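Rule-based calculations on the coordinates, nothing more; no lab input. Because the structure is predicted, anything quoted here is derived from the model rather than measured. With ideal geometry, Cβ positions are generated from the backbone for all residues, glycine too; neighbour counts draw on all protein chains shown.
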């Protein structure tokens, strides 16, 4: 079964399922638009359920607007940083001791992936 499930909030009947939150959210909005056209719209009728977390979720669990920090290092070069929420870091498998990431720039999006680095100091 796919991770993100659209269901009715009252009884929990499964309507559709998706691999990503964004796909589920987009489809939920289309269901609501269809309901409005048919004059059967009921606010908060649908919900997105995350089967991995075993709870209903909304965009604040998966979408954050953050500011990029620009600063100068000791040599006068500009550097940047973006902080991600700790639950997201944990979801990706990052820990204080295991923190190596692979960053990919693709279609004007930055993809963050956890990579395993073997300790080569043995």
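Could you work out Rg/(2.2 N^0.38 Å) for segment 57-103, with Rg from alpha carbons only?
1.46
By its C-alpha gyration tensor, with a ≥ b ≥ c as the square roots of the eigenvalues, how is the chain shaped: rounded for a/c under 1.5, else prolate for a/b larger than b/c, else oblate?
Judged from the Cα gyration tensor, the chain comes out prolate (a/c at least 1.5, a/b above b/c).
I'd like the orientation of helix 21-37 relative to the chain: the angle between its Cα long axis and the longest Cα principal axis, in ° from 0 to 90, rounded to 10.
Around 30 degrees separate the two axes.
Over the C-alpha atoms of segment 10-71, what are the Rg and the largest Cα-to-Cα span, Dmax, in Å?
In Å, with Rg to one decimal and Dmax whole: 14.7, 53.
Between residue 29 and residue 73, what is the label-point separation in nm under the 7 Å Cα-to-beta-carbon projection?
For residue 73 paired with residue 29, the spin-label model returns 3.9 nm.
Quickly estimate the mean residue ellipticity at 222 nm for the chain, helices only: each DSSP H run with n ≥ 4 gives -39500 (n - 2.57), and the total goes over all residues, rounded to 500.
-6000 deg cm²/dmol
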